[in-house]
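Bear in mind that the values in this text are calculations on the coordinates, not laboratory data. Note that this is a predicted model, so its numbers are computed, not measured. Cβ coordinates were reconstructed from backbone atoms using ideal geometry, including for glycine residues, and neighbour counts include every protein chain displayed.
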Amino acid sequence: MSKDSRTTLLTGIDSDRTSLQLNLWIDTAYHLPGADRRNYLQALNKVVEKEHVEIVFPQPDPEVRRVSAERENLHAKIFLPDQKTVSNCLDKFEALTIWHEAGLRRQPAVLSATDTAVNRRIKSLEYPCWIRAREGAGGLLSCKATDSSIVDYWLRFHWDQGIKTDFVAEEYLPGRDYCFMSIWNHGSLVTSMIRERLSWVGHRLIGTGGTSKLNRVVHQASVNNKALDAIRAISKSPHGIFCVDLKENPDNIPCPTEINCRFTTNVHYLTLASMKLAHPEWNFVWLASRIALGEEIPDCSKTNALPADLWFTKNTDMGFTVVSGNHWKAVETS
């Protein structure tokens with residue numbers, strides 16, 4: 001979905017054959033071992049060489065970690081920041097700690113199954129608080145806890161099921177929910193946009209992660225500023241893709257909650273909008289690939305790249321679409 005579409009081939013890899021079968025965007029598909037397997041990089045390099053792949057975009061966190069760690073042995077280019085920055089992005093506690101030191105968040109706490117003092121730590125938390133797995137996407141294993149008994153039950157349930165992950169306890173943020181998506185080139189911001197999450201796919205009764213259903217593009221200086229501060233606290237010279245999740249505190253101040261050095265799963269919205277409305281500079285995936293390969297890109301707005309009258313929505317088994325302004329096809333009835 002770009003002017004390079006006829007000369008660009010997309011090769012998709014996944015450890016799940018069914019995901020590859022459902023992906024209609026890719027030209028070729030390869031079933032590879034998981035990123036935690038010893039032969040993952042060897043298999044990936046075979047695909048790179050066979051398909052003459054120029055650049056690899058790792059998407060799920062396990063692949064981001066593995067590709068980052070073994071970047072010197074990968075036979076293709078990548079568009080990732082340095083290894084320390086990647087590590088800070090993947091570790092939710094480390095990111096929150098860095099933001100606390102920068103004055104962007106309150107101090108978080110780690111709750112570990114191996115910590116003999118975990119009960120004391122639970123009782124010392126300020127409530128309400130937000131509990132989530134230390135690593136993982138989509139707010140993995142998260143919930144709002146209003147007292148220590150909820151935290152205790154939540155942790156013990158997962159640990160008793162054999163899920164021995166560490167959890168992070170952080171301040172609960174009740175306000176509006178944003179995602180700031182940006183592209184950087186060796187310390188310089190190339191472009192960025194904000195979308196606000198308004199509803200979620202499926203039933204989200206206790207907030208255990210998930211994917212957003214309805215989003216809208218917003219222009220808000222406070223979100224831009226806080227997101228940029230959050231990124232620069234994580235990396236002194238940002239390079240690559242940085243997506244920051246933010247939520248407002250009770251004083252309506254946006255606070256960073258999570259950062260990823262990869263695109264979110266909703267990046268296809270920008271590609272669709274760029275095609276439908278004839279703005280190639282909105283196609284963030286295309287921009288990232290050209291920057292990574294040292295090619296020219298069109299002029300881009302550093303912030304608020306997309307207009308604020310765009311709505312994005314999707315649902316299970318229904319695909320996705322973009323609406324401009326308030327031109328919904330459903331007719332209102334009184």
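When the chymotrypsin sites (Phe, Trp or Tyr not before Pro) in region 1-75 are filtered for DSSP coil states and for at most 15 other beta-carbon atoms within 10 Å of their beta-carbon, the remaining sites are Trp25.
Loop-only trypsin sites (Lys or Arg not before Pro) in region 195-285, please: DSSP not H, G, I, E or B, and at most 11 other Cβ atoms within 10 Å. Here the sparse-neighbourhood loop sites are Lys236.
Over all orientations, region 145-190 has a Cα convex hull whose mean projected area works out to 5.9 square nanometres. Cα centroids of region 41-86 and region 253-319: 22 Å apart. Which shape class applies to region 244-334: rounded if a/c is under 1.5, otherwise prolate when a/b exceeds b/c and oblate if not, where a ≥ b ≥ c are the square roots of the Cα gyration tensor eigenvalues? Oblate, because a/c is 1.5 or more while a/b does not exceed b/c. Note on the chain: Kirkwood radius taken over Cα pairs, Stokes-Einstein applied at 25 °C and 0.890 mPa s, translational D equal to 115 µm² s⁻¹. Dipole orientation for the chain: of the candidates Trp159, Leu32, Phe263, Trp159 has the Cα lying most toward the positive pole (charges on Cβ; Lys, Arg +1; Asp, Glu -1).
Counted over the chain, the DSSP beta bridges are approximately 90% antiparallel.
Restricting region 68-122 to GluC sites (Glu not before Pro) that sit in a DSSP loop and have at most 15 other Cβ atoms within 10 Å of their own Cβ leaves Glu70. The sum of -39500 (n - 2.57) across all DSSP H runs of n ≥ 4, divided by the residue count of the chain, sets its helix-only mean residue ellipticity at 222 nm to -8500 deg cm²/dmol. Averaging 1/r across all pairs of distinct Cα atoms in region 9-123 and inverting the result yields a Kirkwood radius of 16.7 Å. Oblate is the label for region 190-300, because the ratio a/c of its alpha-carbon gyration tensor axes (a ≥ b ≥ c) is 1.5 or higher and a/b is not greater than b/c. Only beta bridges with both residues in region 1-148 are counted; by DSSP, about 35 percent of them are antiparallel.
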